[in-house]
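Here is the structure we will look at.
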Amino acid sequence: MTNLESDTKDHYFLAHKHAKSWPCKNGDTFLPNAYDPIWHTPSTVPFEQRTYDAAFVGALHPDRKAVVNAMRADGYLVDVQHGPIFAEYSEIYHQARVAIVTTTHGHSGASMRFFENAAHGCLVLAGPCADKDELKPDGIVWFENHTDAREKAAHYLRNPDEAQAMIARSMAWVQPHTWGARAATIIEWLEKRG
């Protein structure tokens, strides 16, 4: 029996609620990803003056690439990069009106980008997410496939006032979802255990 198969673990804190695959004697707690308010700050660039219509930083899996290609086919300027972190990562999103956020293969829980890009002040264009009902996000624009994504992106890019209203809602929703708050949840669990 490997260590991971053991039922002697104290407790699991799961970033993706559906990911639990082995027993734990003291149960588990859903503790989703989050953002860092030091690095993931709101853009100071006015929405309509940003360089890019959309951005995506990360591994360009097929579902993500389909959204990028659909937007580019419609003539939108989409910045795609793999590797930037911290300030460089945030600078890219500060220059983007829309942040493309898809989970891996469309069935995972909310990635860090989900929270980070809301904190950046981008319109979060998000694909299917297994944790959506649990997180109850506000101000996120949901899409089902790349065709739906291109249509919704086009709508909001043509209607900047609507886009900025959605951004204000997502920025308000994301405020409590910091890594500090996640750490506090773990500390609180430990203190209750004594």
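Please go through region 106-133 and give me each residue that is of a type in the set (S, T, N, Q) and in contact with a Ser or Thr (Cβ under 8 Å, 6 or more places away or on another chain), ordered by number. Don't jump to the end; show me each part of the working.
The initial filter retains those residues of region 106-133 that are of a type in the set (S, T, N, Q), namely 108, 111, 117.
If the condition is that a residue be of a type in the set (S, T, N, Q) and in contact with a Ser or Thr (Cβ under 8 Å, 6 or more places away or on another chain), then Ser111 is the only one that fits.
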Revision key, fill the gap. Checking Pro128, Pro84 in turn, the sole residue that is assigned to a loop (DSSP other than H, G, I, E, B) and at pLDDT 95 or above turns out to be Pro84
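Would you pick out the residues in region 138-165 that are aliphatic (A, V, I, L, M), buried (at least 18 other Cβ atoms within 10 Å of the Cβ) and either part of a helix (DSSP H, G or I) or in contact (Cβ under 8 Å) with a residue 60 or more places away in the chain (or both)?
Here is the first cut: in region 138-165, the ones aliphatic (A, V, I, L, M) are 140-141, 149, 153-154, 157, 163, 165.
Subsequent filtering for residues that are buried (at least 18 other Cβ atoms within 10 Å of the Cβ) retains 140-141, 149, 153, 157, 163.
If the condition is that a residue be aliphatic (A, V, I, L, M), buried (at least 18 other Cβ atoms within 10 Å of the Cβ) and either part of a helix (DSSP H, G or I) or in contact (Cβ under 8 Å) with a residue 60 or more places away in the chain (or both), then Ala149, Ala153, Leu157, Ala163 are the ones that fit.
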Check your understanding: Just for region 66-91: of the residues that are surrounded by 14 or more Cβ atoms within 10 Å (Cβ to Cβ) and of a type in the set (Val, Ile, Thr), which one is farthest from Thr147 (Cα to Cα)?
Key -> Val80
Check your understanding: Hey, Phe30 hits all of (1) within 21 Å of Ala126 (Cα to Cα); (2) surrounded by 13 or more Cβ atoms within 10 Å (Cβ to Cβ); (3) at pLDDT 95 or above but one; which does it fall short on?
Key -> (3)
Practice item. Among the candidates Asp74, Asp28, single out the residue that is without any contact (Cβ under 8 Å) to a residue 40 or more places away in the chain and in contact with a Lys or Arg (Cβ under 7 Å, 6 or more places away or on another chain). Key: Asp28
Practice item. Write out, first by first residue and then by second, each pair whose Cβ atoms fall under 8 Å of each other, whose residues are 6+ apart or on separate chains, and whose first residue, in region 176-193, is farther than 13 Å from Phe13 by Cα while the second is assigned to a helix (DSSP H, G or I) and not β-branched (Val, Ile, Thr). Key: His177/Phe115
Revision key, fill the gap. Note on Ser108: of the conditions (1) over 25 Å from Ser43 (Cα atoms); (2) among the small types (Gly, Ala, Ser); (3) part of a helix (DSSP H, G or I), unmet is (3)
Practice item. Collect the residues in region 103-125 that are at pLDDT 90 or above and not hydrophobic (A, V, I, L, M, F, W, C), keeping them in residue-number order. Key: Ser111, Arg113, Glu116, Asn117, His120, Gly121
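Scan Asp63, Asp133 and give me the residue that is free of Cβ contacts under 8 Å to residues at least 60 places away in the same chain, in a helix (DSSP H, G or I) and charged (D, E, K, R).
Numbers: Asp63 fails: free of Cβ contacts under 8 Å to residues at least 60 places away in the same chain.
Matching residue, one of Asp63, Asp133: Asp133.
With the requirement that a residue be in a loop (DSSP other than H, G, I, E, B) and polar (S, T, N, Q), what does region 17-60 give you?
Quick first cut of region 17-60, residues in a loop (DSSP other than H, G, I, E, B) only: 20-27, 31-34, 36-46, 50-51, 58-60.
Matches in region 17-60: Ser21, Asn26, Asn33, Thr41, Ser43, Thr44, Thr51.
Just checking, which of Tyr76, Tyr93 is within 15 Å of Leu123 (Cβ to Cβ), in a loop (DSSP other than H, G, I, E, B) and hydroxyl-bearing (Ser, Thr, Tyr)? Before you say what the answer is, go through the steps one by one.
Details: Tyr93 fails: in a loop (DSSP other than H, G, I, E, B).
That would be Tyr76, the only listed residue that is within 15 Å of Leu123 (Cβ to Cβ), in a loop (DSSP other than H, G, I, E, B) and hydroxyl-bearing (Ser, Thr, Tyr).
Going residue by residue through region 78-97, is there one that turns out to be touching a residue at least 60 places away in the same chain (Cβ under 8 Å) and closer than 22 Å to Tyr35 by Cα?
yes
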Check your understanding: Restricting attention to region 159-174, which residues are more than 17 Å from Ala110 (Cβ to Cβ) and of a type in the set (D, E, K, R)?
Key -> Asp161, Glu162
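The values are calculated or read from the model by the stated rules, or taken from the named source; none is laboratory data. No experiment lies behind these values; they were computed from the predicted model shown. Don't worry about glycine lacking a Cβ; one is built from the backbone with ideal geometry, like all the others, and counts go over all protein chains shown.
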